[in-house]
Amino acid sequence: MNLLAKIILFVLIIVAGIYLFLGDPFLECGHGRSMVSRVKADQRTMATALESYFIDNDSYPAMVPMSVYMTVPEHLAAWKAEDMHTMETGRAGLNGLTTPAAYVTGFPVDPFTNEPSVAFWHNGDFFRDVYDQGFAPFAYYGNDLGWILISPGPDLDYDVEPEAEYDATICQPSDRLILKAYDPTNGVISDGDVFRVKQ
Ligand SMILES: [Ca+2]
Ligand SMILES: [Ca+2]
């Protein structure tokens with residue numbers, strides 16, 4: 001093996017090592033962004049379902065505490081979800097988005113709400129438990145005038161405080177809320193949430 005071949009082999013081993021230990025940053029960025037795209041698509045579907053529900057019920061679905069879905073107190077704290085709510089799906093005689101009338105075929109789970117023990121970011125990529133356990137639905141805050149659906153986004157905690165920051169009587173999304181929007185141009189794992197609000 002001549003010197004040039006040895007140098008090429010050496011460089012290839014170094015590059016392979018970098019990919020092995022650090023992963024492919026381009027691939028991983030794409031993965032994180034595709035999850036945000038999925039959340040946005042699911043929130044669009046939910047928005048249509050919420051408006052259909054309103055036409056029939058003259059109100060938006062009731063809220064239930066997020067602790068129904070995130071049952072471990074440490075996990076609620078890690079997600080900053082103690083004060084968050086999601087929506088009633090319908091049970092025990094209560095009307096909800098899926099029962100007795102199905103306004104949406106499935107109740108989408110938020111891929112950014114897996115349990116902290118089994119979901120984590122590593123070198124820009126998002127890993128999660130293969131059993132798909134621990135996922136919660138979108139956080140939701142609603143009243144007779146409007147609603148907001150919230151995903152914690154890639155930083156894995158809720159930044160929007162809907163009770164204080166969502167006002168259905170003013171034009172939405174408000175400047176105050178836009179400050180809390182996840183923006184990938186600030187970095188793939190930047191602060192902020194992925195949300196959709198009645199407009
Ligand atoms: Ca967040
Ligand atoms: Ca945050």
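Derivation of every value follows stated rules applied to the coordinates shown; laboratory data play no part. Only a predicted model underlies this, so the values are computations on that prediction, with no experimental measurement involved. With ideal geometry, Cβ positions are generated from the backbone for all residues, glycine too; neighbour counts draw on all protein chains shown.
A few comments on the model shown:
- Available extension along the chain between I178 and T71 is 35.5 nm, counting 0.36 nm per residue and deducting the alpha carbon span.
- Taking packing as the residue-averaged number of other Cβ atoms within 10 angstrom, the listed peptides 53-62, 146-155 run from highest to lowest as 146-155, 53-62.
- Among 162-169, 106-113, 38-45, the peptide with the highest mean count of other Cβ atoms within 10 Å heads the list, and the full ranking is 106-113, 38-45, 162-169.
- For region 171-196, the residues whose backbone nitrogen is under 16 Å from a point 7 Å from the Cα of L145, taken along Cα to Cβ, are 171-177.
- Cross-link reach list, lysines versus K40, counting only Cα pairs under 25 Å and skipping chain neighbours closer than eight places: K80, K180, K198
- Using 0.36 nm per residue and subtracting the Cα-Cα separation, the extra length available between K80 and T48 on full extension is 8.8 nm.
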